[in-house]
Amino acid sequence: NLNAKNEIILDTFNTICTSMSSHPSLPYLAIGTKNGEIQIWDIINKRILQIITLTQSQQITDIQFSPNGEWMVFGTDGHYLRIYDTRQFVEHQVFKTNYDGNINNLCFSFNGEWFSFSQSNRI
């Protein structure tokens, strides 16, 4: 529609958005930032539900929710892959790869039993 109006739905408070993902069944939007923060937004009420801040400033390079919404996985430019339980948004597990390059292109299988990611020229 050429006559569509642009509307700012959320403002990430002057941080640069580097990735985002919507929850599959709840009105949540996870926004990753350049300074290593993830903001969990309620997009209906336009308010932040939770902020996850990494101890070391690392750019969030990708975020994905599992198909059932139980898990949120995100990658960083510091070679970390983190898995969070979405009931309370607490960290469940952390992996650090031995390869150079950002973790990108997170992808869950259709049933959520596995996920994959890319890092430089590796999948």
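A compact table of results
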{"quantity": "By average C-beta atoms within 10 angstrom, highest first, the peptides 40-52, 20-32", "calculated": "20-32, 40-52"}
{"quantity": "Per residue, in Å², the accessible surface of the chain once ligands and nucleic acids are set aside, probe 1.4 Å", "calculated": "63"}
{"quantity": "The range 31-97: Rg to Rh, with Rh as the Kirkwood radius over Cα pairs", "calculated": "0.95"}
{"quantity": "Percent accessible area from carbon and sulfur atoms, the chain, protein chains only, probe 1.4 Å", "calculated": "48"}
{"quantity": "Accessible area of residue 53 in the full protein assembly, 1.4 Å probe (Å², nearest 10)", "calculated": "90"}
{"quantity": "Column: log10 I(q)/I(0), Debye, Cα scatterers of the chain, q = 0.14, 0.15, 0.19, 0.20 Å⁻¹", "calculated": "-0.60, -0.68, -1.04, -1.13"}
{"quantity": "Contour excess over end-to-end distance, with Cα ends at residue 42 and residue 91 and 0.36 nm allotted per residue", "calculated": "15.7 nm"}
{"quantity": "Calculated FRET efficiency for the pair residue 98/residue 15, C-beta based, R₀ 41 Å, to 0.05", "calculated": "0.90"}
{"quantity": "Inter-part distance where the range 15-74 and the range 83-113 are each reduced to a Cα centre, Å", "calculated": "12"}
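The values are calculated or read from the model by the stated rules, or taken from the named source; none is laboratory data. Bear in mind the structure is a predicted one, so any value in this text is a computation, not a measurement. Cβ atoms come from the backbone with ideal geometry, glycine included; neighbour counts cover every protein chain shown. In case anyone asks, the SASA skips ligands and DNA or RNA and just uses the protein heavy atoms, side chains included. Shrake-Rupley method; radii C 1.70, N 1.55, O 1.52, S 1.80 Å.
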